[in-house]
1. Restricting to helices (runs of 4 or more DSSP H) lying wholly in segment 392-503: which have 2 or more residues that are modelled with pLDDT of 95 or more, surrounded by fewer than 19 Cβ atoms within 10 Å (Cβ to Cβ) and over 23 Å from the mean Cα position of the chain (by Cα)?
2. Is there any pair with a first residue in segment 234-250 that is more than 17 Å from Pro419 (Cα to Cα) and a second that is part of a loop (DSSP other than H, G, I, E, B) and at pLDDT below 95 whose Cβ atoms are under 8 Å apart and which are 6 or more apart or on different chains, and what are they?
3. Modelled with pLDDT of 75 or more, touching a Gly at 6+ places or on another chain (Cβ under 8 Å) and of a type in the set (D, E, K, R): which single residue out of Lys219, Lys177, Lys155, Lys162 fits that description?
4. For segment 539-572, give me the residue count where each residue is surrounded by fewer than 17 Cβ atoms within 10 Å (Cβ to Cβ) and either acidic (Asp, Glu) or not in a helix (DSSP H, G or I) (or both).
5. Report those helices (runs of 4 or more DSSP H) wholly inside segment 185-272 carrying at least 1 residues which are closer than 26 Å to Gly104 by Cα and acidic (Asp, Glu).
6. What is the one condition in (1) assigned to a loop (DSSP other than H, G, I, E, B); (2) open to solvent by 40 Å² or more (accessible area, probe 1.4 Å) that Leu381 does not satisfy?
7. Please go through (1) touching a residue at least 12 places away in the same chain (Cβ under 8 Å); (2) at negative phi for Gly402 and return the number of the only condition it doesn't satisfy.
8. Hey, can you tell me all the residues within segment 216-232 that are touching an Asp or Glu at 6+ places or on another chain (Cβ under 9 Å) and buried (at least 24 other Cβ atoms within 10 Å of the Cβ)?
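The values are calculated or read from the model by the stated rules, or taken from the named source; none is laboratory data. Predicted model, so just to flag it, every value in this text is computed and none were measured. Positions of Cβ are backbone-derived with ideal geometry, glycine not excepted, and every protein chain shown enters the neighbour counts. All accessible areas refer to the heavy atoms of the entire protein, side chains included, with ligands and DNA or RNA removed. Shrake-Rupley method; radii C 1.70, N 1.55, O 1.52, S 1.80 Å.
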Amino acid sequence: MKNRVVGKRVVAGVLAALLGFSSAGQLAGSLAAQEMKAEKGSPKTAVRKLTQEQKTLHLLDRATYGIRPGDLERVTKMGWEKFLEEQMRPERIADVAVEEKLKGLESIHMSTAEMVKTYPQPQVLREALKAKGIEPPIPGTVGAAQPGAEPPDPKQAAENFKKLRQYRDALAEMGYKPQQQVVQELQQARILRAAYSERQLQEVMTDFWFNHFNIFVQKGADRILTTAYERDVIRPRVFGKFEDLLKATAESPAMLFYLDNWMSAAPAAAADLRRKGDAMPVNRRRDRGFDRLEALRGRRAAAGRVDDRMDREQSPAQPPLNAAGRIQRPARGLNENYAREIMELHTLGVDGGYTQKDVQEVARCFTGWTLRNPRQGGEFLFNPRIHDDGEKIVLGKKIAAGGGVRDGYEVIHLLATHPATAKFVSTKLARKFVTDEPPRALVDRMAETFRKTDGDLRQVLMTMFKSQEFWAPENYRAKIKTPFEMTVSAVRAIGADTNGGPQFHRWMAQMGEGLFLAQPPTGYPDTAEHWVNSGALLQRMNFALALSANRIPGTRVALSAPANATKTSQMVDHYIKLLLRGDVSPQTRATIDKSLNESQIAANGRPAAGSGFADAARVAKVVGLILGSPEFQRQ
């Protein structure tokens, strides 16, 4: 226990010092966020013109999930333009290594119909197990402990694992597997692709567009539907036309279920069906499983728009009750969720010039866009019986009555080709790849390319990558890596081997970026202010030390001191050059040296010797401190 406490103090102290604070307590303050940002005149940004090596590093930092040994030399030799052209044609790049690693993930290769049969709904499993007299294990009682948590009681842990084996054996006997396995394999596949795929830019763009068209994997049927959504809807279209991508997401069962459009019906049609006694899905708004972000409400209020009922409803944990004390179901009929998000988050943006009336009209256009048996992995279905077939006016354009399913397609085309969409999408791309506050001139040029090419995403990206703003010295290493980017780039940088399993993913979740787990439709932010806080930064340092010391199950790395290093300082020099290309501030270097000396005193009660220190623990500590440094958090 004493060693564990000392370790935590050392980590907290090192992190505080690296960030420029005199104590770990100060680290918890709001200044932590400011310290991590790239400041004018600091060593990392005081560059008048990027060297050829810096240009290659900059491109690899932004267009891949991190630089592997040998990447710098390879890309420098082939040239950055040729590298980008190659990356934007992923179908031409062999990807044997990652395909081999993905073979064992059964669910990612299945159709949705196959998954429904193998991974049935939880209630189906409970009933099947109940018939055999087996109680499913309580979630969270079995598996690896959370990072930094105390180990469970041995007797209780043994009992839990016994129940888990009994549970799994029973499922296997019936030919069933738990749905959560689908989620875990989806997360695992994303990590493995990011770490090992040669099609790096495709992986970066898949993550970007999934986040743009976000859905929450833990919402009911989306546990099964998300796999096909990422694989068949997002991934094949990341370099295509934006309108094709928008249309594919609109028709996707995962999106229709997530934003409840599958339950949206014209009020008159719904009432008519009820009078005839036909089955009509209930519009359960709180079935969404998430609360809207407060920031989203704030932006809408600032824009002078009235929040919809979805924003004003109570928490799902406190549903409204009727006079009899029973849950009061919302009225059947029109659902505006998807209509609002397709305009605000997918195309026009919050300042895109639409009104609440436009939201209502778009919602009418998408009535009847539903699913056939959604909880059984159902496919997209247009149901004319619940469609509002009257005339609509969207953004001043008349959509004639009697259009049926074409109403939705007209809206998609109108939004995809709108000038506000070109600007909104270009801004998000520039924010992702260039800087948190992209220059207006760059966004304007990207938006112009968007309009001239009918939303050709490959051409928009090339306009950005060839711009002087992308290569501007002030944007070099000026963005902060997200938890996903940080963890995977660390694996790539030191040549670690990982299975990408739950134990690895848990670290990202602890830092606030669980894959496919962003509940609101806004997805995860892509700016430093969201990711930089004392708790998250401490988790990053802990991850770096755990990775280098082989304390993450399923992940291994073989580190060693360089052959010509006779002093600890020489070993530090070697890994700073390897992992940071020598770009480290004097403050960071001094703090690393001080930490290595202090940790040795804590362990042995005496200062470290000046030479001959090359044991595995020492090497792991050096590498961990460098991976946890502010310089490695930047890209």
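1. Those helices (runs of 4 or more DSSP H) span 406-416, 419-433, 440-452, 457-465.
2. That search, which allows pairs on different chains as well, returns nothing.
3. Lys219
4. Total meeting the criteria: 12.
5. Result: 200-212, 222-228.
6. Tallying (1) assigned to a loop (DSSP other than H, G, I, E, B); (2) open to solvent by 40 Å² or more (accessible area, probe 1.4 Å), Leu381 fails exactly one: (1).
7. With (1) touching a residue at least 12 places away in the same chain (Cβ under 8 Å); (2) at negative phi applied to Gly402, the lone miss is (2).
8. Answer for segment 216-232, where residues must be touching an Asp or Glu at 6+ places or on another chain (Cβ under 9 Å) and buried (at least 24 other Cβ atoms within 10 Å of the Cβ): Thr227, Tyr229.
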